[in-house]
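Chemist: Starting off with a structure, shown below.
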Amino acid sequence: MGYFDIPVDHVYCKLVFLDYLASKSICFNDLVVVSPDVGGVARACAFAKKLSDAPLAIVGK
């Protein structure tokens with residue numbers, strides 16, 4: 001928000017993304033949620049829990 005001269009809102013897509021994945025015929029046995037770094041672990045963990053406790057992988061930079 002500090003980079004713009006106009007008001008902006010941060011739009012979160014978590015609910016839309018989870019609904020989209022739920023609408024697809026995904027075999028949840030083949031699903032792994034990946035966090036690109038340690039800072040995203042909490043977010044990735046929340047996604048994994050919502051996706052039938054999918055396994056979680058963390059990439060260390």
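What follows is calculated from the coordinates using simple rules that are stated; it is not laboratory data. The structure displayed is predicted, hence computed values, not measured ones. Note: ideal-geometry Cβ built from the backbone for every residue, glycine included; neighbour counts use all protein chains shown.
Chemist: Condition first: more than 16 Å from C13 (Cα to Cα) and assigned to a helix (DSSP H, G or I). Now tell me which residues in the stretch 23-48 satisfy that.
Modeler: Scanning the stretch 23-48 gives F28, N29, D30, V38, G39, V41.
Chemist: Please specify each residue of the stretch 7-18 satisfying the condition of being surrounded by fewer than 11 Cβ atoms within 10 Å (Cβ to Cβ) and either within 16 Å of the chain's Cα centre (by Cα) or closer than 15 Å to V59 by Cα (or both).
Modeler: H10, V11, Y12, C13, L15, V16 - these are the residues of the stretch 7-18 that are surrounded by fewer than 11 Cβ atoms within 10 Å (Cβ to Cβ) and either within 16 Å of the chain's Cα centre (by Cα) or closer than 15 Å to V59 by Cα (or both).
Chemist: Looking only at the stretch 1-22, count how many residues are aromatic (F, W, Y) and assigned to a loop (DSSP other than H, G, I, E, B).
Modeler: Looking only at that region, the number is 3.
Chemist: When you go through (1) outside any loop (DSSP other than H, G, I, E, B); (2) surrounded by 10 or more Cβ atoms within 10 Å (Cβ to Cβ) one by one for A54, which number turns out not to apply?
Modeler: Condition not satisfied by A54: (1).
Chemist: Still on this structure: Given F47, F4, F28, which one is under 13 Å from the mean Cα position of the chain (by Cα) and either exposed (fewer than 11 other Cβ atoms within 10 Å of the Cβ) or in contact (Cβ under 8 Å) with a residue 12 or more places away in the chain (or both)?
Modeler: That would be F47, the only listed residue that is under 13 Å from the mean Cα position of the chain (by Cα) and either exposed (fewer than 11 other Cβ atoms within 10 Å of the Cβ) or in contact (Cβ under 8 Å) with a residue 12 or more places away in the chain (or both).
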